[in-house]
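Reading through the structure tokens given below for one structure.
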């Protein structure tokens, strides 16, 4: 028989934290164990070969059987709910990468409910009507937004529009890869794959551009129902042939000449279902006849359609510079990716240390880029093109946001006893801030809980997150935070603290000088840090290889210390308490008291303390 391949990747918090030591079992359809695997420090298993059908069957629209073999995967880890992914199609010569999103157990929970994901057959095999509605089908106009932008993230409703299904937020490239893997066979000719991926990208951007669902009052951009939109299976594997193309063209779309709007690129399989748009099987025939992707698109859509590009990506830290960065590149953009890689390395220590001069793309920067690309399924060419830049930016945002949230939790002093207040839409105050923080940290680990703005005002967004949480926990989804909801929030938050591993200790090589790690918080500057810890701005910059004074929240710095290695000096600021300082610096209240000869817990702003290391 033919051979396909499968790799599993166990991560959490939007990929910010890899999960090491997850036990992964690969089973066949009769539940026979094929492989027993364990994830490494990147949360990844090795690539395993699996028997399947010859690829010729998946390229023949007249073949009536199943042109692949399916397998199942069970993932288990202490402190996390197990995940069982069934009916995974494996194709001849194709490598599939399965993301395993494990949910932390709640506090005091001994066993978790198993998350079950059914992948199933691609939508190209479906029967029945498929004629979704949309703008720009026959010269209609429904433009709402001023410009075409890549949504980062895109919000997907896991059901028909009017059903009480969950929403999930995913990056746009990951969404497109998922849809393409859920719609068609990855073994098709490349030009057929490209034509289908262009249609998938454009369909989604049309929904976003016209605010098709948002304008109707829904809180999502698109659904996963093929009766309305296009297939999407949250938690399914992605195929290499599809991933590679999406990384290259995720910001390109189809439009008519003279128009800005994405064309409404409806499609169906063209065999058991027909529609006014593109035939998926027809693209295979045309590709085999030598048609280029744009020729295939013009065969099914108007003759004047063209491929356009947008470089606008929402919520991006820094825009892609427009030219790939490679060995020999210099400047601020190189410094930016070096900063991102150094921070990401704290969570992914397999990424090698960058020893090149700041802002210079040398061999060590290239080695770090190649390893990053390997870990995240990008083409490992050592060149930072738009797909690698996008992923670096997204992951840097994820790891620094997680660090910032963890720091906020320490500052808030969440404690173990929930507030007694009953909160509802319209409530304000510190208890609302606590609620919003809990929802924010939980949203990092529960993909169906939306993040909220921590403004102390219980508005519509906070109510939406509360009802999503209540539904997830089997509570009455009324949007009112009473004792039952508070207790569930605290159990969930405590479970995250107990079960989720923290990032690795700072892996920067020892410089031989005395120093300690510090995570940058809101309001920090190099001048403030230098004065607080009795050092100089230049000393901090030298130790961390900084060429500017700009700091990022969540960035980890080494702070030089001239004191004996057992402690460092700290100047008390507004809001500091012994409990907060002990938790922030990994020590105890008693240890700080003893070192400073304190008889009470009272602190004064400006007071000098010794903090044990």
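The values are calculated or read from the model by the stated rules, or taken from the named source; none is laboratory data. Small disclaimer: the values here were computed from a predicted structure and weren't measured. A quick note on method: Cβ atoms are made from the backbone with ideal geometry, for glycine too, and the neighbour counts reach across all protein chains shown.
Kindly indicate whether any position in the stretch 178-192 is under 20 Å from residue 312 (Cα atoms) and buried (at least 24 other Cβ atoms within 10 Å of the Cβ). The answer is no, given that none of the residues of the stretch 178-192 is under 20 Å from residue 312 (Cα atoms) and buried (at least 24 other Cβ atoms within 10 Å of the Cβ). Inspection of the stretch 234-243 identifies no residue that is within 25 Å of residue 133 (Cβ to Cβ) and in a strand (DSSP E or B). Residue 298 falls short on exactly one of the conditions (1) over 28 Å from residue 550 (Cβ atoms); (2) surrounded by fewer than 18 Cβ atoms within 10 Å (Cβ to Cβ); (3) in contact (Cβ under 8 Å) with a residue 12 or more places away in the chain; (4) in contact with a strand residue (DSSP E or B) (Cβ under 8 Å, 6 or more places away or on another chain), and that condition is (3). When the stretch 575-596 is filtered for residues that are surrounded by fewer than 16 Cβ atoms within 10 Å (Cβ to Cβ), in a loop (DSSP other than H, G, I, E, B) and modelled with pLDDT under 80, the ones remaining, listed by number, are 575, 586. When restricted to residues that are within 22 Å of residue 18 (Cβ to Cβ) and surrounded by 17 or more Cβ atoms within 10 Å (Cβ to Cβ), the stretch 353-363 contains 1. The condition of being surrounded by fewer than 20 Cβ atoms within 10 Å (Cβ to Cβ), touching a helix residue (DSSP H, G or I) at 6+ places or on another chain (Cβ under 7 Å) and modelled with pLDDT under 90 holds for only one of 93, 107, 128, 79, that being 107.
Quick check on residue 176: is it assigned by TED's automatic domain parsing to the domain that holds residue 286 and in a helix (DSSP H, G or I)? Yes. With respect to the stated conditions, residue 228 fails to be outside any loop (DSSP other than H, G, I, E, B), touching a residue at least 60 places away in the same chain (Cβ under 8 Å) and crowded, with 18+ Cβ neighbours inside 10 Å. State yes or no: is residue 273 in a loop (DSSP other than H, G, I, E, B), buried (at least 18 other Cβ atoms within 10 Å of the Cβ) and modelled with pLDDT under 95? It is true that residue 273 is in a loop (DSSP other than H, G, I, E, B), buried (at least 18 other Cβ atoms within 10 Å of the Cβ) and modelled with pLDDT under 95.
Yes or no, residue by residue, for (1) modelled with pLDDT of 75 or more; (2) within 30 Å of residue 43 (Cβ to Cβ); (3) not in a loop (DSSP other than H, G, I, E, B):
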residue	(1), (2), (3)
498	yes, yes, yes
501	yes, yes, no
505	no, yes, no
510	no, yes, no
517	no, yes, yes
524	yes, no, no
529	yes, no, yes
549	yes, no, no
553	no, yes, no
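Within the option set 365, 379, being touching a helix residue (DSSP H, G or I) at 6+ places or on another chain (Cβ under 7 Å), outside the structural domain of residue 471 (by TED's automatic domain parsing) and at pLDDT 95 or above holds for one residue only, 365. One residue stands out in the stretch 191-225 among those that are part of a loop (DSSP other than H, G, I, E, B) and more than 24 Å from the chain's Cα centre (by Cα): the one that is farthest from residue 164 (Cα to Cα), namely 210.
Checking each residue in the stretch 599-613 for being in a loop (DSSP other than H, G, I, E, B) and either in contact with a strand residue (DSSP E or B) (Cβ under 6 Å, 6 or more places away or on another chain) or buried (at least 16 other Cβ atoms within 10 Å of the Cβ) (or both) picks out 603, 613. No other residue among 481, 399, 452 is within 24 Å of residue 238 (Cα to Cα) and buried (at least 18 other Cβ atoms within 10 Å of the Cβ) apart from 399.
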